[in-house]
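Enquirer: Dumping the structure here so I can ask a few things about it.
The values are calculated or read from the model by the stated rules, or taken from the named source; none is laboratory data. All values reported here derive from a predicted model rather than from experimental measurement. Using ideal geometry, Cβ is built from the backbone for each residue, glycine included, and neighbour counts are taken over all protein chains shown.
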Amino acid sequence: MDARTEEFLAHVQSGGLVETGDWMPNEYRKRLTKFVEMHANSELMGVLPERDWILRAPTLQRKLALTAKIQDEAGHAQLLYRIVEDLGKPREACLDDLIAGKSKFHNVFHYPTKSWGDVGVIAWLVDAAAIISQKALLKCSYAPYARIMRKICWEESFHILHGRDVVLTLVTGTPEQRELVQEALDRWWEPLMMFHGNPIPADDDPMVHWRIKSQANEEARQQFLEGYVPQVWELGLTLPDPKLERGEDGIWAYTEPDWEKLQAVVSGNGPASAERIAFRKLSRAEIDWVSRTVLAEAA
Amino acid sequence: MSVFEVFRRERAGAPMQHAGSIAAPDARFAEVYAREQYGRRGESTALWLVPREAVDEIEDFVDEFDLKYRRVDGYSIKERLKEARERAGAAAPRAGR
Amino acid sequence: MNERVQLLLALADDELILGWRNSEWTGIAPSLEEDVAFSSIAQNEIGHARALYELAARELDTDADALAFDRTLDEYRSAPLVELRRLEWARTIARHWLYETADAIRLEALRASDDPELAGIAAKIEREEVYHRIHAEMWVDRLLGSDEGRGRLDEALEELWPYALGVLDDDLRPELLRRVKAKLGRAMPDVEPVARGTHEAELGELLDEMTMVRRSAPAGARW
């Protein structure tokens, strides 16, 4: 490592921050760009599982809340691609790579949604899992990203409440409505357990090394379990893992997820991956003429 | 496409603060998009949009000869205050006479 | 059903159905920025629909959701313009602008109403619609500014013009023609309006999807 890179590393490891125009080692720039790009992709793709349910929302209030939640996600994608652009990769290149399967997005957005129960479970638990990671990213060494995380965290606070409200309404409704939640939970639990990634120790995680991430994956997962498993169980709902249990030391035990499966999913082999990418590809063709017109000099 | 820097005022009396940036074909689009991104929840009382190229950045500042007297951290009055109080025969400050 | 309720339902249904159509762009708009912008427009429209349904609901002794979701196809009073499924950008902008222009004329008339509730709600809606018009005009100008854009927009406007006329009552149609001519700098074809009173085939599909979750539980279930 050259002296300049060493100095940079010491700077970020002691809590120092980096702004857009600052010099960065190539490795830092590459890892950071890929990380933020994956986050942007995830917000973008996160819209797709939920969009159908705006159209099908069973009350005007739910329609409005879900529209606003999804709007936030599109807005977040916009802000995050802007950051990636300032790091050197234009949005068009990101979208091209996404459609070509060359870049990744979070596992949870590779799964289909089947019912209104999914709407509640996703807004409540998937957003809860995401917020835990996002709060840890508030300490990211790259300041523009950390600042965007503040806005994102603030906006996402209502998503979880909306999700929980949907779930609570269903579990206090008809037996069929309650069953919608249980059935959705049974399907979403596995992707939720995988969400925070494999339990690589912080010391071995290059993202932590450069202080892009400040929280180890397992720590995030434990936080999620500690916060939300009791909330699920107190509603009389079950989770499909017989090993799930809080130890006396406060650490949650669980059936180890299949980490290879996670890799396969995020690489585009999830149950809904192909369909979602295809959907994105379709809309790209339509927008080519719009881009041309928008970018053209006014006549 | 041009990049516009967005500044926002959170509430009356607060300063304009940099909030982020928006890429848009022109100022008209930028205004619509900025309203959405930074104002749809009523979270700002005002926004400024500035084309990125209009922003002059100054980042280099020097203080080679340590002119600390101009700042609060250039003064350490603890020791002298202690000595002055001891001389005045009081161990701790008292209010009035 | 008295005239006032019929009017309220027509306005509300226009906003609800158009809000639904605008929501179809979620995730697939030409840009994320437009995704966000159309989302706000859709939310405003649904908010307007809700407020209008609430006024009607009081007279009909029911609630806004029941009016929005539980009527039969022929009970809806939406104009055919908003019912068309047009997931194509030039048509979307054409419809957006034509509807907003027609709606502005309609709201002006309502704001002058001596029914204070109607006048009041029209004023509130108008204050939000200002931003819809800014957005629509911005796009119309941008599309008119290039040969390709202009060609596509002109085609879309021609197609939707009879439907646009159908949003308004007879007496307000000349004003719509005047405003559209002024903006485009040319005449519009002399056509029969596709008036309110019949529904496009697409409306049935829309209502089926819109109500599928709600219908899966007995009436009165909470969601």
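Enquirer: Does residue C:134 meet the test of being among the β-branched types (Val, Ile, Thr), touching a Phe, Trp or Tyr at 6+ places or on another chain (Cβ under 6 Å), part of a helix (DSSP H, G or I) and farther than 19 Å from residue C:203 by Cβ?
Expert: On the way: among the β-branched types (Val, Ile, Thr): yes; touching a Phe, Trp or Tyr at 6+ places or on another chain (Cβ under 6 Å): no; part of a helix (DSSP H, G or I): yes; farther than 19 Å from residue C:203 by Cβ: yes.
Taking the combined requirement at face value, the residue does not satisfy it.
Enquirer: Tally the residues that are more than 7 Å from chain A (Cβ to nearest Cβ), closer than 15 Å to residue C:66 by Cα and in contact with a helix residue (DSSP H, G or I) (Cβ under 8 Å, 6 or more places away or on another chain), restricting the search to the range C:203-223.
Expert: Within the range C:203-223, residues that are more than 7 Å from chain A (Cβ to nearest Cβ), closer than 15 Å to residue C:66 by Cα and in contact with a helix residue (DSSP H, G or I) (Cβ under 8 Å, 6 or more places away or on another chain) number 3.
Enquirer: Turning to a different aspect of this structure: Under 6 Å between Cβ atoms, which residue pairs at least 6 apart in sequence (or on different chains) link something in the range B:25-46 that is closer than 14 Å to residue B:5 by Cα with a partner that is among the aromatic types (Phe, Trp, Tyr)?
Expert: Sorted first by the residue in the range B:25-46, then by its partner, the pairs are B:30/B:4.
Enquirer: Now for a different question. Assuming residue A:236 fulfils every condition listed in (1) touching a Pro at 6+ places or on another chain (Cβ under 7 Å); (2) in contact (Cβ under 8 Å) with a residue 60 or more places away in the chain apart from one, which condition is it?
Expert: Unmet for residue A:236, out of (1) touching a Pro at 6+ places or on another chain (Cβ under 7 Å); (2) in contact (Cβ under 8 Å) with a residue 60 or more places away in the chain: (1).
Enquirer: Another one. For a quick check of your reading: which helices (runs of 4 or more DSSP H) sit entirely within the range A:65-176 and have at least 2 residues that are within 14 Å of chain C (Cβ to nearest Cβ) and not aromatic (Phe, Trp, Tyr)?
Expert: Values: elements: A:91-99, A:116-121, A:127-137, A:143-171.
Hits in the range A:65-176: A:91-99, A:116-121, A:143-171.
Enquirer: Let me ask another. Quick check on residue C:40: is it in a helix (DSSP H, G or I) and either within 29 Å of residue A:287 (Cβ to Cβ) or without any contact (Cβ under 8 Å) to a residue 24 or more places away in the chain (or both)? Even if it seems obvious, please write down each step before you answer.
Expert: Details: in a helix (DSSP H, G or I): yes; either within 29 Å of residue A:287 (Cβ to Cβ) or without any contact (Cβ under 8 Å) to a residue 24 or more places away in the chain (or both): yes.
Here the answer is yes, as residue C:40 does meet what is asked.
Residue by residue, here is whether (1) in contact (Cβ under 8 Å) with a residue 40 or more places away in the chain; (2) not in a helix (DSSP H, G or I) holds:
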position: C:161; (1), (2): yes, no
position: C:173; (1), (2): no, no
position: C:179; (1), (2): yes, no
position: C:188; (1), (2): no, yes
position: C:206; (1), (2): yes, no
position: C:209; (1), (2): no, no
position: C:215; (1), (2): no, no
position: C:222; (1), (2): no, yes
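Enquirer: For the range A:215-231, state whether one or more residues are more than 30 Å from residue A:6 (Cα to Cα), part of a loop (DSSP other than H, G, I, E, B) and in contact with a helix residue (DSSP H, G or I) (Cβ under 8 Å, 6 or more places away or on another chain).
Expert: Just the residues of the range A:215-231 that are more than 30 Å from residue A:6 (Cα to Cα), to begin with: A:221-231.
From the residues that got through so far, the ones that are part of a loop (DSSP other than H, G, I, E, B) too are none.
Within the range A:215-231 (the criterion being more than 30 Å from residue A:6 (Cα to Cα), part of a loop (DSSP other than H, G, I, E, B) and in contact with a helix residue (DSSP H, G or I) (Cβ under 8 Å, 6 or more places away or on another chain)), the answer is no, since none of the residues qualifies.
Enquirer: Looking at residue B:30, is it farther than 21 Å from residue A:143 by Cα and either at pLDDT 95 or above or not charged (D, E, K, R) (or both)? Give the steps one after another, and end with the answer.
Expert: Working: farther than 21 Å from residue A:143 by Cα: yes; either at pLDDT 95 or above or not charged (D, E, K, R) (or both): yes.
Judged against the criteria, residue B:30 is a match.
Enquirer: Within the range C:67-77, can one find any residue that is surrounded by 19 or more Cβ atoms within 10 Å (Cβ to Cβ), assigned to a loop (DSSP other than H, G, I, E, B) and touching a Leu at 6+ places or on another chain (Cβ under 9 Å)?
Expert: Yes, some residue in the range C:67-77 is surrounded by 19 or more Cβ atoms within 10 Å (Cβ to Cβ), assigned to a loop (DSSP other than H, G, I, E, B) and touching a Leu at 6+ places or on another chain (Cβ under 9 Å).
Enquirer: Answer yes if at least one residue in the range C:154-166 is small (Gly, Ala, Ser) and farther than 22 Å from residue C:12 by Cβ, and no otherwise.
Expert: Step one: of the range C:154-166, the residues small (Gly, Ala, Ser) are C:156, C:164, C:166.
Now restrict to residues that are farther than 22 Å from residue C:12 by Cβ: C:156.
Yes: one or more hits.
For (1) farther than 14 Å from residue A:75 by Cβ; (2) exposed (fewer than 15 other Cβ atoms within 10 Å of the Cβ); (3) more than 10 Å from chain C (Cβ to nearest Cβ), each residue gets a yes or a no:
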residue	(1), (2), (3)
B:2	yes, yes, yes
B:6	no, no, yes
B:9	yes, no, yes
B:13	yes, yes, yes
B:29	yes, no, no
B:32	no, no, no
B:36	no, no, no
B:46	yes, yes, yes
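Enquirer: I would also like to ask the following. Going by the conditions given, is residue A:150 out of contact with any strand residue (DSSP E or B) (no Cβ under 9 Å at 6 or more places or on another chain), within 30 Å of residue B:43 (Cβ to Cβ) and not β-branched (Val, Ile, Thr)? Full working, then the answer.
Expert: On the way: out of contact with any strand residue (DSSP E or B) (no Cβ under 9 Å at 6 or more places or on another chain): yes; within 30 Å of residue B:43 (Cβ to Cβ): yes; not β-branched (Val, Ile, Thr): yes.
Yes: the conditions hold for residue A:150.
Enquirer: Which ones in the range C:116-139 are out of contact with any Lys or Arg (no Cβ under 7 Å at 6 or more places or on another chain) and more than 14 Å from chain B (Cβ to nearest Cβ)? Steps first, answer last, please.
Expert: Here is the first cut: in the range C:116-139, the residues out of contact with any Lys or Arg (no Cβ under 7 Å at 6 or more places or on another chain) are C:116-118, C:120-121, C:124-125, C:127-137, C:139.
Those that are out of contact with any Lys or Arg (no Cβ under 7 Å at 6 or more places or on another chain) and more than 14 Å from chain B (Cβ to nearest Cβ): C:116, C:117, C:118, C:120, C:121, C:124, C:125, C:129.
Matching residues to (1) part of a helix (DSSP H, G or I); (2) over 25 Å from residue C:128 (Cα atoms); (3) small (Gly, Ala, Ser):
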{"site": "B:13", "(1), (2), (3)": "no, yes, yes"}
{"site": "B:31", "(1), (2), (3)": "yes, no, no"}
{"site": "B:36", "(1), (2), (3)": "yes, no, no"}
{"site": "B:43", "(1), (2), (3)": "no, no, no"}
{"site": "B:57", "(1), (2), (3)": "no, yes, no"}
{"site": "B:76", "(1), (2), (3)": "no, yes, yes"}
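Enquirer: Among the residues of the range C:210-223, write down those that are closer than 19 Å to residue C:74 by Cα and either among the hydroxyl-bearing types (Ser, Thr, Tyr) or surrounded by fewer than 13 Cβ atoms within 10 Å (Cβ to Cβ) (or both).
Expert: Within the range C:210-223, just C:211 meets the criteria.
Enquirer: Confirm whether residue C:134 is modelled with pLDDT of 95 or more and under 14 Å from residue C:11 (Cα atoms).
Expert: Values: modelled with pLDDT of 95 or more: yes; under 14 Å from residue C:11 (Cα atoms): no.
So residue C:134 fails the test.
Enquirer: Here is a further query. Right, residue C:87: within 14 Å of chain A (Cβ to nearest Cβ) and over 15 Å from residue C:48 (Cα atoms) or not?
Expert: On the way: within 14 Å of chain A (Cβ to nearest Cβ): yes; over 15 Å from residue C:48 (Cα atoms): yes.
Taking the combined requirement at face value, the residue satisfies it.
Enquirer: Out of the residues in the range A:244-285 that are within 14 Å of chain C (Cβ to nearest Cβ) and in contact with a His (Cβ under 8 Å, 6 or more places away or on another chain), state the one that is farthest from residue C:89 (Cα to Cα).
Expert: Here is the first cut: in the range A:244-285, the ones within 14 Å of chain C (Cβ to nearest Cβ) are A:272, A:275-285.
After this cut, where a residue has to be in contact with a His (Cβ under 8 Å, 6 or more places away or on another chain) as well, the list is A:272, A:276.
Details: A:272: 26, A:276: 21 Å.
If we take residues in the range A:244-285 being within 14 Å of chain C (Cβ to nearest Cβ) and in contact with a His (Cβ under 8 Å, 6 or more places away or on another chain), then A:272 is farthest from residue C:89 (Cα to Cα).
Enquirer: Being surrounded by 24 or more Cβ atoms within 10 Å (Cβ to Cβ) and in contact with a Lys or Arg (Cβ under 6 Å, 6 or more places away or on another chain) is the requirement here; does residue A:40 meet it? Let's see the steps before the verdict.
Expert: Working: surrounded by 24 or more Cβ atoms within 10 Å (Cβ to Cβ): yes; in contact with a Lys or Arg (Cβ under 6 Å, 6 or more places away or on another chain): no.
For residue A:40, the condition - surrounded by 24 or more Cβ atoms within 10 Å (Cβ to Cβ) and in contact with a Lys or Arg (Cβ under 6 Å, 6 or more places away or on another chain) - is not met.
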